[in-house]
1. Run the dipole for chain B about the Cα centre, Lys and Arg Cβ at +1, Asp and Glu Cβ at -1, nothing else charged, and hand back the magnitude in debye, nearest 20.
2. At a Förster distance of 51 Å, what's the computed FRET efficiency of A:E111 paired with A:D37, Cβ-Cβ distance as r, to 0.05?
3. For the protein assembly as shown, what does the helix formula give at 222 nm: sum of -39500 (n - 2.57) over DSSP H segments with n ≥ 4, over the residue count, nearest 500 deg cm²/dmol?
4. Would you be so kind as to identify all helices of chain A, as entire DSSP H runs, whose Cα atoms reach 30 Å or more along the helix's own axis and whose mean Kyte-Doolittle hydropathy is at least -1.0?
5. With the Cα gyration tensor of the stretch A:10-89 giving a ≥ b ≥ c as the square roots of its eigenvalues, does the rule (a/c under 1.5 for rounded; else a/b larger than b/c for prolate; else oblate) give rounded, prolate or oblate?
6. Of A:M128, A:M24, which has the most accessible area and how do the rest follow, probe 1.4 Å?
7. Scale the Cα Rg of the stretch A:88-222 by the rule-of-thumb value 2.2 N^0.38 Å and send over the ratio, two decimals.
8. Put the label 7 Å from Cα along Cα→Cβ for B:R92; what are its distances to the other copies, in nanometres, shortest first?
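The values are calculated or read from the model by the stated rules, or taken from the named source; none is laboratory data. Small disclaimer: the values here were computed from a predicted structure and weren't measured. Ideal geometry is used to build each Cβ from the backbone, glycine not excepted, and the neighbour counts take in all protein chains shown. These area figures cover heavy atoms from the full protein model, side chains too; ligands, DNA and RNA do not enter into them. Shrake-Rupley method; radii C 1.70, N 1.55, O 1.52, S 1.80 Å.
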2 protein chains.
Amino acid sequence: MPPAVTDPSSLTLQPVVQQSTPMMIAARVRTAIARGDFPPGAQLYEAELARQLGVSRGPLREGLQRLTQEGLLVSIRHRGLFVVELTPENVRDMYLAREAIERCAIAVVVERDPQGTADALQPVLDEMTLAADRSDYRGVAEADIRFHEVLVDRAGSERLARVHATQATEARVCIQALGQSPQDALLRVEEHQRIADAIRAADGPLAQSLLAQHMADAVADLTQQPREAPAG
Amino acid sequence: MPPAVTDPSSLTLQPVVQQSTPMMIAARVRTAIARGDFPPGAQLYEAELARQLGVSRGPLREGLQRLTQEGLLVSIRHRGLFVVELTPENVRDMYLAREAIERCAIAVVVERDPQGTADALQPVLDEMTLAADRSDYRGVAEADIRFHEVLVDRAGSERLARVHATQATEARVCIQALGQSPQDALLRVEEHQRIADAIRAADGPLAQSLLAQHMADAVADLTQQPREAPAG
DNA sequence: CAGATCTCGATTGTCGACAATAGTATGGCC
DNA sequence: GGCCATACTATTGTCGACAATCGAGATCTG
């Protein structure tokens, strides 16, 4: 056999299209919802969406079914599909589920590769810090999401990642629907930094309890219930 | 206003049809897969399935999209839909995700209502014991699933429950594809009883570690890797 | 006879049209 | 004037048909 031009494993030219159309549609709509184009409670009209995306209603409906299965949309028969509402109860449930997944992710990465994970987390933290310094709350929020995404991805679990992807979108919806103050942003950066430090130190329980505190703070903010304020 | 016949909240007569057709289709197919009608790796043919269920391919595809989103089916473009394979890696990942969810459920129920949860678990345990006594491994497996379902439902979280529903189906597929020995059945009953006891004692960490051990045992069985055998 | 190429069948992917339903606006009645 | 019944409209739910793609078997060539 004549020698190949290069090692086949190195030129990895990826397939042109691999994922199904409904999957891509779901991704698009998910992003749009996360961006705030469709606020919580808004109805999604099939005909218009299909027109905008340049597809028929068939594939569109299949993609929307996926988002409904994820819980991002709620379907009312013969009425339509609506973006999930952010009731306090819903928010608490969202963060409960997120905590379940991320606690597991922490346990795995601490066991597997705490250093590498902390290293992967650091650039995200730097970006978050930068965004906080220039009062770019949107940027802080995006980095926040990315932090948790990186954390879960590092666990290397397909299922954890899939569940978390849904939760991250819901989290984005929360953040979108929420203004932020400078002290909140700084607190958030601080919390994430501590979690990363605990992971680097391979202290799973500490990282998990810091995570829980972080989540509790976020829920308190979102549900507008005053958390225990420090005296003074 | 004349007094109502009875308290409206007590006569809860549910709507005739409320859930969407794709949702019902997904439930049917999910059950069929759990029952073993479609073994792991089998292809699902749209036309035939649609004919059997008495619906068109449109709604059927929408329902199947849900199962694909759940991870129970895998889609290959222009090839078809296949039931997920039970590779060792897959099994490990499945149980990792299950453990994440159920640890959280335990934490919640221990905090909330350990007694009530233990009481709700007891009949399932009794049934499991009975099944084990008469060597009804299928019955043991069903009770096993039910145990975890009750546990998660008791946490009262919509998201946890939804994620777990998927995982329970995958677990059913595992169990379906697995023979059992008498000593395994007895061990399993024992493990579940201890978890329930720990929950009744409101000892969250103990219950969680027992759960972890239980899951590890199951994975060891399923992946056919010998777990550390007690000497003797 | 081995290998590659071509053709055919089956299955999936996509679309447009029709039917059914819920909400809305209008008209009539008390 | 207020309330109920009715017709209408917009949207969703469903279906059948057509197009695109892949795999397998047959065919041809060296």
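1. Details: 24 positive and 32 negative charges, 202 e Å.
Dipole of chain B, to the nearest 20 debye: 980 debye.
2. Details: r = 40 Å, r/R0 = 0.78.
Calculated transfer efficiency: 0.80.
3. Details: 20 runs with 323 residues, N = 464.
Rounded to the nearest 500, it is -23000 deg cm²/dmol.
4. On the way: long enough: A:88-112 (36 Å, -0.03).
Length and hydropathy pass: A:88-112.
5. Working: a/c = 2.36, a/b = 1.68, b/c = 1.41.
Judged from the Cα gyration tensor, the stretch A:10-89 comes out prolate (a/c at least 1.5, a/b above b/c).
6. Values: A:M128 0, A:M24 70 Å².
I get A:M24, A:M128, largest accessible area first.
7. Numbers: Rg = 13.7 Å, N = 135, 2.2 N^0.38 = 14.2 Å.
So the Cα radius of gyration is 0.96 times the expected 2.2 N^0.38 Å.
8. Inter-copy label distances (nm, one decimal, shortest first): 3.8.
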